[in-house]
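Trainee: One structure follows; several queries about it will come next.
Here, each number is a calculation from the coordinates, and none is a lab measurement. This structure is a prediction, so every number in the text was calculated from the model and none was measured. Cβ atoms come from the backbone with ideal geometry, glycine included; neighbour counts cover every protein chain shown.
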């Protein structure tokens, strides 16, 4: 029964996509009558599968066995453990909602059937990706995902910006794909297998060192090189800096596509890191790089989000920042937390995008939209709310430092995990505080909400997320091991917490003086930074211009080469 | 019986078919097309049935013969008759006959048949030279050099002989600096010839290299390795800068085909992955060139610097073109992907620098092919195109069959590849005998 379910879940969207693709002309505006039932069934089946896998253990289904010998990489098999099953529930759930939403949203569109066909095929590709049992199969679907995404983004193929940005997305993703391929080639040549279980076991057996330069020294761990190459693939899919440029420009697609992309496709990077967690757990260097890239992406994504004036672009940059968090969590060894994060993010981001579609539709009919509520922003300063915000956001860093130095004993399953979780709980809580303050500063209710939000965030992180960690990694010591490998040096960790705490305090200070019209607390150059950052973020760090310049440069060089060869060119 | 049919009847049938076509059907292009299809089908039967009955092991040249015949058949099937139909069909049959002769012949006979192809190409370029086209003239010069090399190779001994043989092979399976013959062949000739040449010429070059492999000195392998790397980069860059579809495809073929040259020069052998890759690459470019012919028949030369938006009016064409581009950028489920993976994973070790260049070549394909697709299919539709129609049934069928072939070759079961591996060892046969490499797929 479990095997039947495991095969049925990806097959249903595939069948739906193929049927609609082949008979689209006949089905027309009734295409959803094929797609929706298929996805609802797939969603229910994946829920059942999750239950079955949780109680009876993982399933391994060999679809095409390896022939052994020199071609043992050519094998197709499904491996569904708790991680895959959770992802399958998320994917089929989000896809079902998008199928349902699009019935009315895209009704009457010329490409209605094409949209449903692509949606079904895309769902199949992601489901197959998350249930792959080896790197080869995962890479097959990883590449197909890049291509399917390109086709979905080019849905409005008559609209030049949509086509241009779809192309840009494809190029960025292919860069990631090629890096991923390099990682696969290296891992196969060194370990002789692409099957996950064998690969992890062989990589853990003995450390292989590779020369960084042809001379022989310095040497670098082979696992580090492999994981870094594969991480570039994850960076492209999850829009990590500097491969983030595709994500914010993909808003010319229909809103359901945006929802699917932001709630599902960008999570592929997080899934990949989780699936290969045993490999990543062998390389602290890679994990530190992952952490740094994630942290950088969070800061830049959030910065760019703040200055957007387009609802979908705001959400796009928000996704980039959230993916940064997710990757950062992986870099800290909190792999399961990253999955928890991506599920939570997927659900809320899909909701926001689908709602954004309504807002955009409404604003087309209502000239007064968006409602000019900025007048309400000029609220009077409330000392109580401000003090609550400052103290509440500073409470957690204190607990973190005390816990990190063993001065506080919290009865959790894993003290290391508690530190990481608290760190994220604090960052999340700080964001909530700032948002609440900005919404309505002068209110007792806000102060109460701040406290409630803090408690809620701590509860979720400490209990729900930790429970989830031990759900995904039930073997004793596994999650703990990842935390240990990823642990930053003690002083660096303390320093990071202090720097971020300092920045948040300064933020509150800036808020205080700004609202009261006092700038005396900060020197003039601090105030002048704001417009500079504004311009920088408005221009998206000039990353797009840089890539455009580089791309045009290559084409110019090629044309010059072509031209300069003149009579000799053939 | 098998030897007789494969070595004598198979090359003779297309030559005979061309002669009969010229004599009886020159003024009836539609009937000439049907006749050419019949000739290709008959030749296919002549090649297949005796081997099948004799249960002889499959060989690379057996595979290449089928590849050429399938490409010829499907190219002609998808061709829509025009003023050049008779001459292009006639030339296709002649080239097919000579090509089969190269594959079937031994040392000297192969060289003579290849000289025949070069000579016929010179005549074809003379017939289709244009004042504004410099390319045919350069190709004619190169072909003359190629002919000279082939003739010299018949009279000298090794190692000069090897060099003299590699030069014409690098012309048909394009490598720097003699890629001009191939580029001109797929971009300057009319009708069915360009897509057919995309399969025929590299197959002949590949076959020639198989026979030369055991005697190529280490130094020459090193030289080939460097030239292959340079050709891959050069082809990719030139493909990126083209505003003509045929030239883009020619350079893309050169860039991606150089990967096989590189692979052969590194491994010093012909692995099954390389054979499948060659089949996949030639069929992909063949399919895209057939599509290019369909567009030219309807709209003339399409300038790739602007978007044409043909997806609005040609859904069938768009779908098939999209699938060919999917195959060309090396995506599953098509042959190019699996063969490339097989080649790369089969390498025991290679330098990081070389690997980066090869992966860069692979990546560049994801740049110029999708860009080509976007310019042809996407964007706003030009008002002058509105009256055009989608593909005819025969055009559609030929492209669909080419796609099916692309999937079939690439998704062959893994034990086929394993069997091929064990057979490859026999490729190290002596050069003098020029024995076919066993390829037990």
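Trainee: Suppose only helical runs count, i.e. DSSP H with n ≥ 4. What mean residue ellipticity at 222 nm does that imply for chain B under -39500 (n - 2.57) per run, divided by all residues and rounded to the nearest 500 deg cm²/dmol?
Mentor: -24500 deg cm²/dmol
Trainee: Hey, another quick one. Please compute, for the alpha-carbon atoms of the stretch A:10-115, the extent along each of the three principal axes and give them in descending order in Å.
Mentor: Ordered largest first, the stretch A:10-115 gives principal extents of 52, 35, 14 Å.
Trainee: Okay, moving on. Using a basic spin-label model with each label point 7 Å from the Cα along Cα→Cβ, how many nm lie between residue A:363 and residue A:444?
Mentor: 3.7
Trainee: Using helices alone, I'd like the mean residue ellipticity at 222 nm for chain A: each DSSP H run of four-plus residues gives -39500 (n - 2.57), total over residue count, nearest 500.
Mentor: My calculation for chain A gives -24500 deg cm²/dmol from helical runs alone.
Trainee: How crowded by other chains is B:179-190, given as the mean number of beta carbons from other chains within 10 Å of each beta carbon?
Mentor: 1
Trainee: While we're here: Once both labels are modelled 7 Å past Cα along the beta-carbon direction, what's the residue A:491-residue A:29 spacing in nm?
Mentor: 7.0
Trainee: Could you calculate the FRET efficiency of residue A:159 with residue A:549 from 1/(1 + (r/R0)^6), where r is the beta carbon distance between them and R0 is 25 Å, rounded to 0.05?
Mentor: About 0.50, to the nearest 0.05.
Trainee: While we're on this one: With a cut-off of 8 Å between alpha carbons and a minimum separation of six or more residues, what is the relative contact order of chain B in percent?
Mentor: 18
Trainee: What's the center-to-center distance, using Cα atoms, between the stretch A:289-336 and the stretch A:153-204 in Å?
Mentor: Spelled out, the Cα-based centre of one part sits 21 Å from the other.
Trainee: Sticking with this one: Distances longer than 41 Å among the Cα atoms of chain A: what percent of all pairs is that?
Mentor: For chain A, the share of Cα pairs beyond 41 Å comes to 27 percent.
Trainee: Give the calculated FRET efficiency between residue A:391 and residue A:499 to the nearest 0.05, with a Förster radius of 22 Å applied to their Cβ-Cβ distance.
Mentor: Using R0 = 22 Å, I get an efficiency of 0.65.
Trainee: Now for a separate question. At what distance in nm do the modelled label points of residue A:384 and residue A:452 sit from each other, each positioned 7 Å from its Cα along Cα→Cβ?
Mentor: Each label point is offset 7 Å from its Cα along the Cβ direction, giving 1.6 nm.
Trainee: With springs connecting C-alpha atoms under 10 Å apart, model chain B as a Gaussian network and identify which of B:269, B:110, B:157 has the largest mean-square fluctuation.
Mentor: B:157
Trainee: Would you kindly state how much longer the chain becomes between residue B:66 and residue B:156 on full extension, computed as 0.36 nm times their sequence separation minus their alpha carbon distance, in nm to one decimal?
Mentor: 29.1 nm
Trainee: How long are the three semi-axes of the equivalent ellipsoid for the stretch A:91-187, computed from the Cα gyration tensor as the root of 5 times each eigenvalue, in whole Å, largest first?
Mentor: Values for the stretch A:91-187, descending: 27, 18, 8 Å.
Trainee: Another question, then. Give the distance, in whole Å, between the Cα centre of the stretch A:72-112 and the Cα centre of the stretch B:306-373.
Mentor: Result: 25 Å between the Cα centres.
Trainee: Turning to a different aspect of this structure: Take the alpha-carbon positions of the stretch B:246-311, form their convex hull, and give its projected area averaged over all directions (one quarter of the hull surface) in nm².
Mentor: 5.3
Trainee: Mean separation of Cα pairs under 8 Å and 6+ residues apart, divided by the residue count of chain A: what relative contact order is that in percent?
Mentor: 11
Trainee: Once each part is reduced to its C-alpha centroid, what is the distance from the stretch B:53-103 to the stretch A:220-236 in angstrom?
Mentor: So the separation of the two Cα centres works out to 46 Å.
Trainee: Hey, what's the Kirkwood Rh for the protein assembly as shown if you take every pair of different alpha carbons, in angstrom?
Mentor: Result for the protein assembly as shown stands at 30.9 Å.
Trainee: Over the C-alpha atoms of the stretch B:2-439, what are the Rg and the largest Cα-to-Cα span, Dmax, in Å?
Mentor: Just the Cα atoms of the stretch B:2-439 yield Rg and Dmax of 20.4, 63 Å.
Trainee: Going from the alpha-carbon gyration tensor of the stretch B:169-316, what semi-axes, largest first and in whole Å, does one get by taking the root of 5 times each eigenvalue?
Mentor: Each semi-axis is the square root of five times an eigenvalue, giving 31, 15, 13 Å.
Trainee: Which shape class, rounded, prolate or oblate, goes with the stretch B:74-156 when its Cα gyration tensor gives a ≥ b ≥ c as root eigenvalues, a/c under 1.5 marks rounded, and past that a/b bigger than b/c marks prolate?
Mentor: Judged from the Cα gyration tensor, the stretch B:74-156 comes out oblate (a/c at least 1.5, b/c at or above a/b).
Trainee: OK, next. Mind giving me the FRET efficiency for residue A:220 and residue B:390? R0 is 56 Å, r the Cβ-Cβ distance, nearest 0.05 is fine.
Mentor: Efficiency, from the Cβ-Cβ distance: 0.55.
Trainee: Mind putting together the pair-distance distribution for the stretch A:250-337? All Cα pairs, 10 Å bins, whole percent per bin, short to long.
Mentor: Result, from short to long distances: 18, 43, 28, 10, 0 percent.
Trainee: Assuming a viscosity of 1.002 mPa s and a temperature of 20 °C, what translational diffusion coefficient in µm² per second does Stokes-Einstein assign to the stretch A:182-229, Rh being the Kirkwood radius over Cα pairs?
Mentor: 195
Trainee: Measuring from a point 7 Å past the Cα of residue A:310 along Cα-to-C-beta, which residues in the stretch A:160-184 have an amide N at less than 20 Å?
Mentor: What the label zone holds, given the 20 Å backbone N cut-off, is A:160-173.
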